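Undergrad: So that we are looking at the same thing, I have put the structure below in structure tokens.
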Amino acid sequence: MSRARDPLHSHPAPATAPAGTALSRSGAAWLTAAGIVLIAFNLRLAISSSSALLEQVRAQLGFGPLVASLVPTLPTLCFAAVGSTSAMLARRVGTEPAVFLALGALCAGLALRGVPHTGALLAGTLLGAAGLAVCNVLLPAVVKAHFPAHVALLTGVYTTTMALGSAVAAAAAVPAADLLGRPSLGLAVWGVPALLALVLWSLRPDSWRAPARRAEGGADSAWRVGRTRFGLLVTAFFALQSLSSYAVIGWLPTILTDHGMSPDRAGLMLGVALVVGVPSTFALLPLTRTGPRLRLAFVVLGASLTAGYLGLLCAPLAVPTLWAVLTGIGLGAFPLVLAIIGGSGHSPQETAALSTFAQSAGYLLASAGPLGLGLARSATGSWALPLLTLLVLAALQLLVGLALTGRRAR
């Protein structure tokens with residue numbers, strides 16, 4: 001009898017396994033893949049929707065510039081703090097149950113944001129970001145564990161879906177809030193796709209009762225993997241691209257509205273910047289297979305990001321769609337570094353360790369971006385200094401990317 005091959009899972013079913021067992025394994029693999037994609041769709045919804053609605057929510061709740069700067073900063077701080085504990089949580093309860101718990105926290109946080117109170121907005125942002133942090137860190141390990149032969153493909157699919165979800169939320173947040181009658185409800189409505197992801201993930205056989213797995217290398221494995229030259233370069237690159245991404249997601253609509261653009265069109269420009277990541281992700285991911293091609297990808301991304309920032313600095317309303325497209329292409333570094341993390345290590349545990357270190361340390365460094373840029377805007381009354389800072393950081397990101405692709409990187 002020939003072996004029954006699972007089209008998604010890398011391991012064929014044993015020849016002696018009953019047909020029903022093979023079918024159940026195939027079904028579980030498809031369910032896992034669908035769950036990964038739906039979770040990815042939710043990974044940036046909360047952040048891009050709050051960015052598009054920030055000025056309307058601020059007018060509704062009446063908070064000042066400090067809280068306005070905190071709203072886009074709290075997610076990256078939470079990603080750093082909670083992300084550092086994700087591997088420990090996975091060891092205690094299992095990776096898949098940890099993702100289940102994280103989705104529950106995301107749903108609760110998004111619902112809390114619907115309460116028209118500044119404290120509820122901040123608390124809901126923290127709770128939802130905590131759920132996102134765990135999913136951010138553990139999804140590469142889930143892909144590595146369940147689909148080791150298809151890491152690049154699944155990474156491309158879920159990062160593309162993540163970009164698509166972020167773009168949809170950015171473009172639809174203002175119209176949704178107008179339809180519902182309150183900006184706070186426009187924030188809470190994005191809990192619906194999160195709830196769908198929670199339900200789908202709960203249908204998997206090991207989503208809430210998987211045994212805890214012991215991580216190879218012990219509790220300090222993340223530090224051990226992260227302090228290598230390769231780990232430090234990955235972390236530095238992750239930090240710089242995250243800072244740019246969350247600066248754009250957090251402030252692009254405000255930059256444009258400050259120059260006279262309407263809020264709904266400014267949200268649409270953010271959607272354009274984010275949706276560009278959908279085709280560019282699949283165009284760039286094949287370049288991760290060789291060092292020279294990856295180097296070329298980093299150069300293209302760096303040049304595009306620089307051009308987009310220059311356009312926003314010098315003539316923000318001249319051709320804003322072009323600036324949004326160029327900036328969006330430049331933000332395509334995220335799937336590349338995620339694919340590098342997902343393809344590294346000799347086991348899912350080592351992958352999770354590098355993911356934990358790079359994301360927790362990277363997001364901690366990146367959190368200075370949205371907060372610092374917002375405070376600089378408030379202090380100077382202009383976006384010139386924040387955009388000049390982003391230009392310098394884009395150049396630094398390119399240099400780190402070139403070092404990451406060098407022969408001595410690993």
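Undergrad: Identify, among 370, 156, 184, the residue whose Cα sits farthest towards the positive end of the charge dipole of the range 24-404, taking +1 on the Cβ of Lys and Arg and -1 on the Cβ of Asp and Glu, with the dipole about the Cα centre.
TA: Looking along the dipole axis, the top candidate is 156.
Undergrad: Give, in nm to one decimal, the length gained when the segment between residue 385 and residue 153 is fully stretched (0.36 nm per residue of separation minus the Cα-Cα distance). Provide the component values of the computation, followed by the final result.
TA: Working: separation 232, 0.36 × 232 = 83.52 nm, distance 3.93 nm.
Stretched fully, the residue 385-residue 153 segment lengthens by 79.6 nm.
Undergrad: To one decimal place, what Kirkwood hydrodynamic radius in Å is obtained for the range 19-149 from all pairs of distinct Cα atoms? If you can, show how the numbers build up before the last one.
TA: Working: mean 1/r = 0.0628 Å⁻¹.
Hydrodynamic radius (Kirkwood, Cα only) of the range 19-149 equals 15.9 Å.
Undergrad: Putting +1 on Lys and Arg Cβ atoms and -1 on Asp and Glu Cβ atoms, find which of 167, 87, 197 reaches farthest to the positive end of the dipole of the range 24-404.
TA: 87
Undergrad: Quick one: what does P(r) look like for the range 24-404 with 10 Å bins over all Cα pairs, in whole %?
TA: Binned Cα distances yield the sequence 6, 26, 36, 24, 8, 1, 0.
Undergrad: Compute from the Cα atoms of the range 109-192 the Rg and the Dmax, the latter being the longest Cα-Cα distance, and quote both in angstrom.
TA: Calculated on Cα positions, Rg and Dmax stand at 15.8, 48 Å.
Read the figures in this text as sums done on the coordinates, not as results from a lab. In this text the structure is predicted, and so the values were computed from the model without any measurement. Reconstructed Cβ throughout: ideal geometry from the backbone, glycine too, with neighbour counts over all protein chains shown.
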